[in-house]
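Here is the structure we will look at, set down as structure tokens.
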Amino acid sequence: MPQPSKLAPATKILILSGCMLLMMSFGFRSSFGLFVKPISEFHNWGRDTIAIALAIQNLSWGVVAVFAGGLADRYGNLRIILGAVLVYAVGLFSMAYADTPLLLNSSAGILVGAGIAGTSFGIVIPALMRAVPDDRKPWVAGIATAAGSMGQFLIVPFSQTLIDAFGWFSSLQILSAMTLLMVIMAIPLAPYSGANEVHDKALDQSTLEALKEAFQHKHYVLLVIGFYVCGFHLAFITVHMPAYLSDLGFSAKVGAWSLALIGVANMIGSYMSGVWSGRVPKQSMLAWIYLLRALVIAIFIILPASIYSIVFFSIGIGLLWLATIPPTSGLVAVMFGTRYMALLYGVVFLSHQLGSFTGVYLGGFLYEQSDAFQVVSSFCGQYLGFSTYGDAARYDLVWLINILLGVLAAIIHLPIRERAVGRFARAQ
């Protein structure tokens, strides 16, 4: 097996900066589940109220990611990231003062979602992949994804400590100020936009031509559809897991450390996914990841609730958490190259965020349906072996949907093939 290409010192600094940016952006975002219960209780809102706001956040993230990716491909990364950092900070600060559902939807939903879109994987991973040789692209995607999980591991417990010490209101203000540090990390990414790849303008495409070419490729369409399930899984667990564990009688710190443990396990899973994505068929990896997610969720819901079952679930789902990103981004790069990768990955990610919206919203909506949850809980307990109880049983139907979607996603990814298409294939 040939040795991987060596990286120049400047490239290593670039990777470090990109990873730090992802660590902060994803870490702040992963903390929002800790605020669900205290904000709901303070304002006397149903849990569905803040769930809607966080669902809108995921939708805003996905929609803005497409436009941010297209603009970054055309005009460069730095302006997009700097604007997104400012929007992110304003959204977090405004979230603390949101005393109506409309203000919460605008701040925690639209503004924060837009801020994440311009500082997260859809912008940073394409920039890093452009900076390294082809044999290093899956590896650097895995490194970047693992960095996001490092942020989840470090920042989620830190956020819970802030809440315990200063309350949720002041904690949001502190986190808002910390987001501004991301500006420093953005500067080294400036040279690595899609526009800088164009050496022959006559062979370049317009944005619409790139989109048309992508959607005429059935394997890309299957990838878009399958990534919906990834978003459903991740967003539901991130937002509702702390409250779910609290309903089972565990302290708030258990929920925070569960998310942190997911982040630790994901550092391993994401890195290994990046390594394996360069060695085995990426579509096969994705099929196994989704199938194993369904299995881990099923075992967690069937096992009696305990610290041991929580640790099992956190490690198991953590190893699979963002392991989908290296093979998914790798497939986009194989199919179309990296010229419009931020845009085309942004479209795939929009599907992910539509799934995120659905997962977060359904979790809150079905939780509040007191007339229906008794029937569903009884069915799941009697026929499927679910061991949930009390208010936690209100989540049974959404857990079941998570399992079924995991199996469906595994089936969807099987027909996908790693194949360059259109003008990119002819250029190769």
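The values are calculated or read from the model by the stated rules, or taken from the named source; none is laboratory data. As the structure is a prediction and not an experimental result, all values here were calculated from the model. Here the Cβ positions follow ideal geometry from the backbone for every residue, glycine too, while neighbour counts run over all protein chains shown. To get the accessible areas, we keep the full protein, side chains included, count just its heavy atoms, and leave off ligands, DNA and RNA. Shrake-Rupley method; radii C 1.70, N 1.55, O 1.52, S 1.80 Å.
Assorted remarks:
- Square roots of five times the Cα gyration tensor eigenvalues for segment 283-335, Å: 28, 10, 5
- For segment 216-324, convex hull of alpha carbons as volume per residue, Å³: 93
- Net charge of Cβ neighbours under 13 Å - reference PRO101; Lys, Arg +1; Asp, Glu -1: -1
- Comparing mean-square fluctuations of LEU384, LEU343, LEU54 from a GNM of the chain with C-alpha springs under 10 Å, the top value falls on LEU384.
- Residue among PRO242, PRO157, PRO188 with the largest mean-square fluctuation in a Gaussian network model of the chain, springs linking Cα atoms under 10 Å: PRO188
- Between the helical axis of 396-413 and the longest alpha-carbon principal axis of the chain there is an angle of about 20 degrees.
- Evaluating 6.51 cos²θ - 1.76 cosθ + 1.60 at θ = phi - 60° for every residue in segment 337-346, the Karplus couplings come out as x, 10, 4, 10, 5, 4, 5, 6, 5, x Hz, glycine and proline recorded as x.
- Separation of the PHE169 and PHE365 label points, Cα + 7 Å toward Cβ, nm: 3.3
- When nucleic acids and ligands are ignored and a 1.4 Å probe is applied, ARG417 ends up with an accessible area of around 100 Å².
- For segment 7-16, 3J(HN,Hα) per residue [Karplus equation, 6.51 cos²θ - 1.76 cosθ + 1.60, θ = phi - 60°, Hz, x = Gly/Pro]: 9, 6, x, 5, 5, 5, 5, 4, 5, 4
- Charge tally in the Cβ shell below 15 Å around GLY18, where Lys, Arg are +1 and Asp, Glu are -1, GLY18 excluded: +4
- Using just its DSSP H runs of length 4 or more, each adding -39500 (n - 2.57), the chain gives a mean residue ellipticity at 222 nm of -25500 deg cm²/dmol after division by all residues.
- Normalised per residue, the accessible area of the chain is 39 Å², obtained with a 1.4 Å probe and no contribution from ligands, DNA or RNA.
- Modelled spin labels at ILE225 and ASP99, positioned 7 Å past Cα toward Cβ, are 4.9 nm from each other.
- TYR308 paired with LEU7, simple spin-label distance in nm, labels 7 Å along Cα-to-beta-carbon: 4.1
- J(HN,Hα) series, segment 253-268, from Karplus relation 6.51 cos²θ - 1.76 cosθ + 1.60, nearest Hz, glycine and proline x: 5, 5, x, 5, 6, 5, 5, 5, 5, 4, x, 4, 4, 5, 4, 5
- Rounded to 10°, Cα long-axis angle of helix 121-130 versus longest principal axis of the chain: 30
- Residue with peak Gaussian network fluctuation, the chain [Cα springs, cutoff 10 Å], from LEU354, LEU102, LEU248: LEU102
- Accessible surface of the chain, 1.4 Å probe, proportion on carbon and sulfur as whole %: 69
- Compactness check for segment 239-294: Cα Rg over 2.2 N^0.38 Å is 1.49.
- Euclidean distance of C-alpha centroids, segment 60-76 and segment 79-156, integer Å: 12
- When only Cα pairs below 8 angstrom with a gap of at least 6 residues are kept, the chain shows a relative contact order of 26 percent.
- Per residue, the convex hull volume that the Cα atoms of the chain enclose (Å³): 130
- Rounded to the nearest 10 Å², the accessible area of LYS253 at probe 1.4 Å: 120
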